[in-house]
Amino acid sequence: MSRPGRAMSVAALASLPVLPLGWFVGLQAHPPWVAAAYLAYFLVVLAVPGTMFWRRLTGGSGWFAVDAVLGTTFGLACEVLIYPLGRWLDIPLAALVMPALALGLFLAVPSTTRSTKPTPWWSVAGVMVVAGVVAAWFVRVGSRLIPLDGPAALRPNSDSPFQLSLAAELTHHFPPQVPYVAGEPLRYHWMAFNHIASAHWITGIELDVLTQRVVPFAFLLLTTLGAAAVGMVLTGRAVAAPIAAGLTVLAGDLGPWGWTVTHTLYHDSPLSMGQMISTTQAFSTVLMLPLIAVTAQLVRRPPGQTRKHLAGLFLVAGILISVLSISKATALPVYGAGLAAAWIYLTIKARRLNLRALVLGLTVAATYAFNFFVVLRGASQGVRYKPAGTYRTMLDGMLRGIDPSVPVGRSVLLIVTAAVVIGWLMPAVGALLIKRRLPRDPMVVFLLAGLIGAVAATSLLYQYSQAQVFFVRTAFAYGVLLAAWGLASLERRQYLVVGPALAIGVAAIYMGRAQTKTLIRDCQDTSCLDRIFSAPLIAALILTAAGIVVLGVSLRKRSLRTWGVITVCALLGLTVSPTVVGLRQFAFPPQTAYDSIAPGGIEAARFIRRQSGPDDLIATNIHCHAPTGPRCHTGSFWIPGYAERRVLVEGWSYTAKANDVKSSTEASYGPFWDQEKLKVNDEAFTAPTRKVLDRLRTQYGVRWLLADDRVNPAPEELEKLAELRFQSGTVRVYQLYPPRVGAGSTPIS
């Protein structure tokens, strides 16, 4: 290595301590051993083996730093494939075999790795600065979104206990069932929870800490670093790394109205609430990035690829596609849309079928079919064709509190639709600046088609809980890469106008939102609504156009490309400002006004965990998210999460049967489908008899009863028929006696 190259490497290495430092700072609220244990596990089990796999199978990218990041994410994909087999064979520590597998591959397969070149120190340092921002945000905001202890921990929404219960299920069982409705097959995407379960077994960290703190923080960092790595792969330029990382953290969408910046539907970056509470979305985003990188190596056909090299690339792509198919239902359709467009483009250009893209497409189709028919068992989860349903629901949410007599014209819906769609597609303007290094490079087509396809799917499909919006959240990475690719294509002197142009967009959207001076609920006619929704958007666009003209005219040397750079950067700036505001607002997210987890419930559930085996079954009188009220929202899932044991029937929302409806009211408040089972369950807590308890134990396999006095006080008879083992707060835990044969009741077989 030359002396300048050695100096660059040393300078780059000097900035790397930001990562471990940021890791420990981000998790400072927990004992130091938690951050240290996960970091050690992450390096030994995922990062080092994954990097060895990646470099041997793909040949590398030419930058070791890029290979290390993408290899780490590939190691994550390998781990979640190995863990279910180990869990099924009752070897939950199976992921520990990965270092040995990597060593074996390293020794058995000849190296095809390209010669590596050092990553410039300023590129590494720029990415580390962004990683530091992520750590700072996590300390200030992310770590406060979902409380883990204290009174606030008893007031979560339904999502975080749901994620925790699935992590607990995969920790102890495979194939998985719905842990809060025992015996019901889990028709959901469970791959991400394999990682949490594996990490729990290897590190000993509590599942709630992993699910709500450690793993989300790790995924945020991996997404930021992964975007930087893929940016370098696509552009071949080191400057793409800090740009892609920065846009990943700061870019969002348009959000021209002041009341939308804190709404998760409008804020789709990895630092959004949606990523924090959706483990599956965060996980799929992390794995989509290496898949894009390996797709680029396959469809670009760089010179020197041998058959062995090609086989390695297809193997890596196949593993990533297989894992993504069971990670998030919205991931592969977006990837498939981009791949189909790239295949058509390549086929037309070359006037012959492009077999590489075709093989990838067939792999996508096969794995998605397996996911739909085997994992999901054909469940639609309530998704249906309903054009513009997404935007009508968004508008309805914004119009809450308005006088019902005020007519809402079609023009208001058109304004909202236009603003949202323009914001989602805004990163695509970066494609106007791209200078491609390779002839017939299909990756621009791939990214554009994926982004447009995601917006189209979100616009045409509908699910009562707005799950279709995750198509756009998946495509967020595609937009970031397009924008980063365009900005990385600039000449050095053109970067002088990037900062001022971005500032134009930031200032314009701030000033545009300031035009909203009337509250929606104060409007008495349609014209008022039209003005409230259109004025901020129009003002922001006019200010942006004026700023572009002023900045362009002020330059001495102006060219058509310079005007393009100013315009693109100003438009991208419009998406940055709402994100920053949203991050600040997210510091204090709303919680329920009541204790959705019973006081003493967490301690009671963990008592059962200590005193029972993983196959023990719990019955409970808790079915509703709120303990009392006129209606029962059946979104209570916390018992299996903290007890790590299945529950006969707790809540029944978020199941395939409950979701197969047309409205959120039906899904959340609908009746349980097995009324006989529910009746027997509830009689144990309202009118217990020896016959009822014996039936629970013999027919359904129940060993424990968890009763919440807020739902109904436990009858005195229950303490005579079952042993009271634990009491805390409003919760009592009973253990069932074995059935008494010949004592006046007959066991049910």
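No lab work stands behind these numbers, since they all come straight from the coordinates. Keep in mind it's a predicted model, so treat the numbers as computed, not measured. Note that each Cβ is placed from the backbone with ideal geometry, even for glycine, and that neighbours are counted across all protein chains shown.
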message: So for the stretch 3-585, if I pair up every lysine 8 or more residues apart or on another chain, how many of those pairs have alpha-carbons under 24 Å apart?
response: 5
field: With Cα atoms, 0 to 90° folded angle of helix 331-350 axis to the chain main axis
entry: 30
message: Quick check: the angle from helix 279-299's long axis to the longest principal axis of the chain, C-alpha only, nearest 10 degrees?
response: 40
query: Tell me, MET232, MET394, MET443 in order of fewest to most beta-carbon neighbours within 10 Å?
result: MET394, MET443, MET232
message: Output the 0 to 90 degree angle, nearest 10, between the alpha-carbon long axis of helix 355-370 and the longest principal axis computed from the alpha carbons of the chain.
response: 20
task: Under 19 Å Cα to Cα from LYS720, which lysines show up? Leave out anything in the same chain fewer than 8 places away.
output: LYS691
- prompt: Taking only DSSP H segments of four or more residues, each worth -39500 (n - 2.57), what value at 222 nm results for the chain once the sum is divided by all its residues, to the nearest 500 deg cm²/dmol?
  reply: -18500 deg cm²/dmol
- request: Identify all aspartates and glutamates with a Cα-Cα distance to LYS677 below 20 Å; exclude those on the same chain that are fewer than 8 residues away in sequence.
  value: GLU184, ASP615, ASP616, GLU650, ASP694, ASP708
query: Once you list every other residue whose beta carbon is under 15 Å from the beta carbon of ALA135, what net charge do they have if Lys and Arg are +1 and Asp and Glu are -1?
result: +3
query: Sorted by packing (mean other beta-carbon atoms within 10 Å per residue), highest first, where do 453-459, 473-479, 704-710 land?
result: 473-479, 704-710, 453-459
query: For the stretch 601-736, what is the percent of antiparallel DSSP beta bridges, rounded to the nearest 5?
result: 65
- request: Evaluate the stretch 380-499: find the radius of gyration of its Cα atoms, find its Kirkwood radius, and give the ratio Rg to Rh.
  value: 1.10
field: Convex hull of the stretch 601-736 built on C-alpha atoms - directionally averaged projected area, nm²
entry: 7.8
task: Give the percent of DSSP beta bridges with both residues in the chain that are antiparallel, rounded to the nearest 5.
output: 70
- prompt: If we count other beta carbons within 10 Å of each Cβ, what is the order of LEU310, LEU234, fewest first?
  reply: LEU310, LEU234
task: Could you list GLU716, GLU169, GLU650 in order of exposure, starting from the residue whose Cβ has the fewest other Cβ atoms within 10 Å?
output: GLU716, GLU169, GLU650
